[in-house]
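Please treat every number below as a calculation from the coordinates, not as lab data. Being a predicted model, the structure only gives us computed values, none of them experimental. Please note: Cβ atoms are built from the backbone with ideal geometry, for glycine as well, and neighbour counts cover all protein chains shown.
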Amino acid sequence: MVALIATITAKADKIDELKKELLNLVKHTTQELGCIKYILHQEIENPHVFRFYEQFKDQAAFEFHGNQPYIKAMADKAHLREGNSVLTFLELV
């Protein structure tokens, strides 16, 4: 299993627009066969910060996810984000 937390920060004036795009990722990713969990969170005290908790069946499923057109299209949405996304991989204990 591959598990991670992805942190994405919106520009202050682009929070709603980025949120819409991220919800679109949820819609599509949760339909991927190798997706176990793909849950979007928004920080309460810092609403410009979004975090995904993600679980994929295996590395192949995670790589499949990364190659989907809706994921690749997020590169064109850089104007909505502050900085780069941060991926933190997790190990089940």
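Distance between the C-alpha centres of the range 63-84 and the range 1-61: 11 Å, rounded to the whole angstrom. Would you be so kind as to identify which of HIS48, TYR70, ILE8 lies farthest towards the positive end of the dipole of the chain, taking Lys and Arg as +1 and Asp and Glu as -1 on Cβ and the Cα centre as origin? The one lying farthest along the dipole's positive direction is TYR70. For the chain, the mean residue ellipticity at 222 nm estimated from helices alone is -8000 deg cm²/dmol, where every DSSP H run of n ≥ 4 contributes -39500 (n - 2.57) and the total is divided by all residues, rounded to the nearest 500. When Rg and Dmax of the Cα atoms in Å is calculated for this entry, the matching label among [x] 12.9, 39; [y] 27.2, 82; [z] 21.3, 57 is [x]. Given +1 at the Cβ of Lys and Arg, -1 at the Cβ of Asp and Glu and no other charges, the dipole of the chain around its Cα centre is 180 debye to the nearest 20. Computed on the range 1-91, with alpha-carbon pairs under 8 angstrom and 6+ residues apart, the relative contact order is 48 percent.
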